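Okay, so here's the structure we're looking at.
The values are calculated or read from the model by the stated rules, or taken from the named source; none is laboratory data. Predicted, not measured: the structure shown is a model, and the values here were computed from it. For neighbour counting, all protein chains shown are included, and Cβ atoms are generated from backbone atoms with ideal geometry for every residue, glycine included. Protein only, heavy atoms only, side chains kept; ligands, DNA and RNA dropped before computing areas. Shrake-Rupley method; radii C 1.70, N 1.55, O 1.52, S 1.80 Å.
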Amino acid sequence: MPRIALLAAVLLAAPAATAGAAENLVANGDFAEAADGKPAHWSAAGDQGVDQRLEIAKDAAGNPYARLVCTRFDQRGSASHAMLAQTKVVALEKGRTYEFSCRARSEGLAGGAVSVAVSNTRSWTNCGLQASLPLTGEWRTFRKVFHAGQTVRAADTRLQFWYTETGTLCLDDVRIVEFRMGDVAFTDVVPAGGGANRVRNGSFEVGPAGWTSEGTRTGWGNLSRLHGRFETGDAPHGRSFLRIPLGEGATPVLAFDYYEPTVHRELAPLAVTRGWIAVEPGKPYTLSAWMRANRDGVRARLGIRSGKPMGGRNDYAETLRMTTAWKRYTVAFRPVHAYVYAFAGPDLEGEASVHVDLDAVQVEAGEAATAFVPRRQVEVGLESTAPGGVFLAGEENAVTLRLVNHGGAAARCTLALEVTDFFDEPAEWPGLSATVEPRTVLARRLHLPPQWRGYYRVRWTLTGAGPDQAGALRLAVVPKRRGAESVLGINHAFVTPYLVRQAMRGGVGWFRDWSLKWNHVEPERGTFHWDVAGDQIRRVADLGANLVCLLPPFPSADWNTEAADSVKTKGYPGVRLPSAWAPKDPADLGRFVGQAVERFQDRVRVWEFLNEPIYTTYALPGDSGNRYDGPNYEPADYVRLLAVAAKAMKRADPDCRVIGGIGSGATNLTREAIDAGILGHVDILNLHMYPGSRRPEGLVPGMDQLLARMDEAGGRKPIWITEFAYYGADDLPREPFIPNRHSWSQQRLLTDERECADLTVRYVALNLSRGVRKVFFHSGASGTAHRPAFECPLLAYGGTPRKVLPALAALVDLLGPEPTFVAERRFGEGGWALAFRNPRHAVVMMWNPTGRSGGRVAVPPTPGLARYDIVGRPGPIGPIPLTPSPVYLVGPPGRAKVILDALRPLGL
């Protein structure tokens, strides 16, 4: 895909309909009107910590554009920004669709990104447009289609472009026009062709191919792979069928820590077809399946779910009572929407030791079921022998190929494999040809090349037996873990043990737990429900992971809060708002905290006090807009409560570690918190950062300011970044892709997974060089096969790897669990090198963030020195090209500074 602006690739995919010559809602978007050398209808905005000027400039052809120059940036508050704004002009109507577009470039902007939004100036809420524009020194065109989230008059809006560092924004051709949506289509669609049956592998002869499971949404997740096993014997069709067991340890258990901590025993783990099946709305179709149970009367479900790409669904389902004999069941339906998938399985009223068997599933056009036929004469399935396709280096790694020939004559088939690596370069992996005898299943193991390391996308094609069949696999080969400790963590543990283990396999060692909410654990004074949190803590700790627990996430309980009765409202976030206010009696808070530490200190030794106080509504809201008529808390209020909680924590466990902080960026309210004495009460200072598309190099000055402030206040504390993420996805679920305005991650997607991996690895490395000890990714969310989530940067649906996972696994393996920063160097225009040491070896990381090619570095011959790319593959020592993807030089212990100093830049 051409690397035009991110928004054209993801956020701004060229939609099926165009804006045409619609009226531009932006005044003077081409900056042709000027007054006193400045663009008319536009102004600069920021506080006294920012020196900026707005001016009109002209390009080589004499065309005008706006130029905002920021020469000094000192973070002082929420208005600390360089901003180009247009107020009281743009009006939006809720529910309507609009297209934003502009041309932009930057000069001297280290972070390389500018944010854009339309805000309601009465409530200071977002109106639907919110994006981060990744800029370079070249003009780029950006587009974003968005839905207005509210109706807002022109008099109450501000269109704003802003950034929080020194540098220059050049802007032109700003437009917001009403947009007429065309058709949006799902991308994961079962290919057309084949026989009457639309279901792939409907008789389960080739294992799990084409199938997964779905249950009840629990917290931010669901089942993430097929629940059940394949049996052979008296199947209605062929030899195999799917058995879905429950009870006696077979019942899937899902758990999540937010908002209400939940442990859910899934009694309806339905088998569902993967991929959307295209249908004609309103036309008759029939779903049929053979089913049975191990005893009469077991309740089950069989049905169809019809969905729209932008949301919305209809179910057509029957509740059934099973018998012990195979029986065919049918559901006739006329879909409302153009896409469907099928589901079937147990739906128990209560826990029981039962199983439900399933076979010969068929979706066909027509008002009645006909005899079952497989979708193709020859069907194929490829299945990784490692969980989710995440292999461990040095083991015998393979993919299992299964071919079934349903016909009466032998079939000669050829499997071709097209493989690309992390850099989208081709990798060799031979396919095979085989003859499949009639009515038999052929199984072969395809062994991965032993030299493979990192990430691989395998696209396969089967030819020679009817219409071609095709599919893809995500694979990663990562180093074996050397222990549970790591510099990486995840905010909110996944809902299933499987996904927790997958993240740990990729280098994650820590999880951040939210279950110790005072209001849930002690709903009345002296009445405790410790298992509410205990179940969440045990489920993660028992898997061998480390835990940091928010204690508590919110500072009060409903029975002990300063919040007025009017604060609480129905729904979320209204139900949690009373807990955000300070407790009426802080002594009760200290008592609760101490009891929690004493109770769980055998599993938890690190405690974090409150989530994002002051600047959000999670805890002690500053409420600068006076939305709640509250006390408008300040950092000093947080520090006073922290002192109470920290004292209680240390009294209960003198060796525990206490984390505290505002939980925001390096310069947002950290000065005020330090001045209020926060460093005297914590062992670790916390930060939260969501850079959007901003390069991590642009965040370094803020981190340096924070370290200097701690030095001035008497000494540095280690820093844990307990929430952070870049987001990227190579497989988008719909075309064109318009982000859901309620989705945190969809609004922040980068161009692709490689860019996400590059930025993430550089972010972790740069922060490890600035006093950070741990970085936690947000979050452990997981979607379903048909509605995938993007909020976990490491894993795609089913626990399969995104490119970030093997990149981080390599970083953890090479840097070790507790790397020590040694020194850094800068090379020419943008080149970086960071040196670290650990007991095993010395490590130097090098890159250039400014482009795909940024000069080279010569490495003098050094005994014992090796080179690895971002995913841990060895390469020649040099000269080494510097690109946005970091390169590692690994040498003998104690030689990090020597290796760093010996590097010679070429063409930088």
Problem - Residue check, Arg627 in contact (Cβ under 8 Å) with a residue 24 or more places away in the chain, under 30 Å from Trp124 (Cβ atoms) and surrounded by fewer than 21 Cβ atoms within 10 Å (Cβ to Cβ) - result: yes
Practice task
Kindly indicate which of Thr286, Thr324, Thr251, Thr330 is in a loop (DSSP other than H, G, I, E, B), of a type in the set (S, T, N, Q) and in contact (Cβ under 8 Å) with a residue 40 or more places away in the chain.
Solution key: Thr251
Exercise for the section: Would you be able to say whether some residue in the range 437-451 is within 29 Å of Gly783 (Cβ to Cβ) and part of a loop (DSSP other than H, G, I, E, B)? Expected result: yes
Exercise for the section: Output yes when any residue across the range 176-187 is in contact with a Phe, Trp or Tyr (Cβ under 9 Å, 6 or more places away or on another chain) and closer than 27 Å to Ser384 by Cα, and no when none is. Expected result: yes
Fill in the blank from the handout: Scanning the range 466-488 residue by residue, those touching a helix residue (DSSP H, G or I) at 6+ places or on another chain (Cβ under 9 Å) and farther than 30 Å from Val189 by Cα turn out to be Val478, Pro479, Lys480, Arg481, Arg482, Ala484, Ser486, Val487, Leu488
Exercise for the section: Could you tell me which residue of the range 871-908 is nearest to the chain's Cα centre (by Cα), considering only residues that are closer than 21 Å to Lys480 by Cα and among the aliphatic types (A, V, I, L, M)? Expected result: Val871
Completion exercise
For helices (runs of 4 or more DSSP H) lying entirely in the range 482-552, having 2 or more residues that are touching a Lys or Arg at 6+ places or on another chain (Cβ under 6 Å), among the hydrophobic types (A, V, I, L, M, F, W, C) and open to solvent by less than 30 Å² (accessible area, probe 1.4 Å) picks out 531-541
Handout entry: Residue in the range 716-730 that is closer than 26 Å to Trp276 by Cβ and open to solvent by 30 Å² or more (accessible area, probe 1.4 Å) present
Key = yes
Handout entry: Residue in the range 370-379 that is touching a Cys at 6+ places or on another chain (Cβ under 8 Å), among the aliphatic types (A, V, I, L, M), in contact (Cβ under 8 Å) with a residue 12 or more places away in the chain and assigned to a strand (DSSP E or B) present
Key = yes
Problem - Selection from the range 74-93 of residues that are of a type outside the set (Gly, Ala, Ser) and either modelled with pLDDT under 95 or in contact with a Phe, Trp or Tyr (Cβ under 6 Å, 6 or more places away or on another chain) (or both) - result: Asp74, Gln75, Arg76, His81, Met83, Leu84, Gln86
Fill in the blank from the handout: Scanning the range 576-605 residue by residue, those closer than 20 Å to Tyr633 by Cα and part of a helix (DSSP H, G or I) turn out to be Arg576, Leu577, Pro578, Ser579, Ala580, Pro586, Ala587, Asp588, Leu589, Gly590
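Conditions (1) among the polar types (S, T, N, Q); (2) at pLDDT below 95; (3) closer than 20 Å to Asp655 by Cβ; (4) under 24 Å from the mean Cα position of the chain (by Cα), marked per residue:
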site: Glu522; (1), (2), (3), (4): no, no, no, no
site: Leu543; (1), (2), (3), (4): no, no, no, yes
site: Ala587; (1), (2), (3), (4): no, no, no, no
site: Val606; (1), (2), (3), (4): no, no, yes, no
site: Leu610; (1), (2), (3), (4): no, no, no, yes
Problem - Single residue of Leu475, Leu446 found to be out of contact with any Lys or Arg (no Cβ under 9 Å at 6 or more places or on another chain), open to solvent by less than 20 Å² (accessible area, probe 1.4 Å) and in contact (Cβ under 8 Å) with a residue 24 or more places away in the chain - result: Leu446
Problem - Filter result for Gly780 (within 30 Å of Lys144 (Cα to Cα), among the small types (Gly, Ala, Ser) and assigned to a helix (DSSP H, G or I)) - result: no
Handout entry: Search result, residues across the range 684-702 that are over 19 Å from the mean Cα position of the chain (by Cα) and not polar (S, T, N, Q)
Key = Ile684, Leu685, Glu697, Gly698, Leu699, Val700, Pro701, Gly702
Problem - So Val177, is it closer than 24 Å to Ala44 by Cβ, open to solvent by less than 20 Å² (accessible area, probe 1.4 Å), at pLDDT 95 or above and touching a strand residue (DSSP E or B) at 6+ places or on another chain (Cβ under 7 Å) - result: no
Exercise for the section: Mind listing whichever residues of the range 705-715 are surrounded by fewer than 22 Cβ atoms within 10 Å (Cβ to Cβ) and either in a loop (DSSP other than H, G, I, E, B) or not polar (S, T, N, Q) (or both)? Expected result: Leu707, Ala708, Arg709, Met710, Asp711, Glu712, Ala713, Gly714, Gly715
Practice task
Return yes when Ala317 is hydrophobic (A, V, I, L, M, F, W, C) and under 31 Å from the mean Cα position of the chain (by Cα) and no when it is not.
Solution key: no
Practice task
Would you be able to say whether some residue in the range 695-704 is of a type in the set (A, V, I, L, M, F, W, C), modelled with pLDDT of 95 or more, under 24 Å from Gly112 (Cα atoms) and buried (at least 22 other Cβ atoms within 10 Å of the Cβ)?
Solution key: yes
Handout entry: Extreme residue, farthest from Ala154 (Cα to Cα), among residues of the range 127-138 that are surrounded by 16 or more Cβ atoms within 10 Å (Cβ to Cβ) and of a type outside the set (A, V, I, L, M, F, W, C)
Key = Pro134
Exercise for the section: Inspect the range 740-756 for any residue being part of a strand (DSSP E or B) and open to solvent by 10 Å² or more (accessible area, probe 1.4 Å) and give the result as yes or no. Expected result: no
Completion exercise
Scanning the range 139-166 residue by residue, those open to solvent by 10 Å² or more (accessible area, probe 1.4 Å) and touching an Asp or Glu at 6+ places or on another chain (Cβ under 7 Å) turn out to be Arg143, Thr151
Completion exercise
Here the residues within the range 452-469 that are open to solvent by 40 Å² or more (accessible area, probe 1.4 Å), at pLDDT 95 or above and either under 19 Å from Gln377 (Cα atoms) or out of contact with any Pro (no Cβ under 9 Å at 6 or more places or on another chain) (or both) are Arg459, Thr461, Thr463
Exercise for the section: Could you check Arg852 against (1) out of contact with any helix residue (DSSP H, G or I) (no Cβ under 6 Å at 6 or more places or on another chain); (2) modelled with pLDDT under 95; (3) over 29 Å from Arg694 (Cβ atoms) and say which number it fails? Expected result: (3)
Problem - When residues of the range 104-117 are limited to those that are assigned to a strand (DSSP E or B) and in contact with a Lys or Arg (Cβ under 7 Å, 6 or more places away or on another chain), the one most open to solvent (accessible area, probe 1.4 Å) - result: Arg105
Practice task
Give me a count of the residues in the range 383-409 that are hydrophobic (A, V, I, L, M, F, W, C) and surrounded by fewer than 21 Cβ atoms within 10 Å (Cβ to Cβ).
Solution key: 5
Completion exercise
Per the filter on the range 630-669, residues in a loop (DSSP other than H, G, I, E, B), more than 31 Å from the chain's Cα centre (by Cα) and crowded, with 21+ Cβ neighbours inside 10 Å are Tyr633
